[in-house]
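The values are calculated or read from the model by the stated rules, or taken from the named source; none is laboratory data. None of these values were measured; they are calculated from a predicted model. Virtual Cβ from ideal backbone geometry, glycine too; neighbours counted across all protein chains shown.
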Amino acid sequence: MSDPKNRWLILLLCINVILITAIVASHVGIPQAYGQVRAFDYIITPGRNGYESEALWIIDMRNQQLATCIFNPMAQGIDFGPVIDISMFPTIYDQQNAPAPADLNR
C-alpha cells in the first residue's frame, strides 16, 4: 500500500465510484415530500383536548375532514383520533350575506 501508484489507483477508483453514483442518482430521481400542493390545503392548530393533554387539530380543506393527533404521556406516544367529515357543518360562507374572506396575498 505504500506504493504511490496504488494510492493513485485507489483515488481514481473512489472518484469513479462517486461520479457513477451521481449519474445514477440524477437519472433515477429521489422521491420528494410535499407538505401542501396548494396553499391552505391543510390547517394545523395546536390545543388541548378534554384530558388535559396536548393535541393537534388537522383540517383537510380539500376533503373537508378533521383529524386529531394527541400526545399520550402514559404510553409516551402519539394517538390519532377518528377522521370526522365536517362538510355537513354550516360555515359562515354558506350564508348569503357573509363577508368575503380577507385577501392573504397582500
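The table that follows gives values for the structure above.
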read-out	value
Selection count, the range 40-62, where residues are touching a residue at least 12 places away in the same chain (Cβ under 8 Å) and under 26 Å from residue 90 (Cβ atoms)	15
Residue 14 vs. criteria modelled with pLDDT of 85 or more and in contact with a strand residue (DSSP E or B) (Cβ under 9 Å, 6 or more places away or on another chain)	no
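Condition check ((1) modelled with pLDDT under 80; (2) surrounded by fewer than 14 Cβ atoms within 10 Å (Cβ to Cβ); (3) closer than 24 Å to residue 40 by Cβ) across all residues:
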{"residue": "52", "(1), (2), (3)": "yes, yes, no"}
{"residue": "55", "(1), (2), (3)": "no, no, yes"}
{"residue": "59", "(1), (2), (3)": "no, no, yes"}
{"residue": "63", "(1), (2), (3)": "no, yes, yes"}
{"residue": "72", "(1), (2), (3)": "yes, yes, no"}
{"residue": "77", "(1), (2), (3)": "no, yes, no"}
{"residue": "80", "(1), (2), (3)": "no, yes, yes"}
{"residue": "87", "(1), (2), (3)": "no, yes, yes"}
{"residue": "92", "(1), (2), (3)": "yes, yes, yes"}
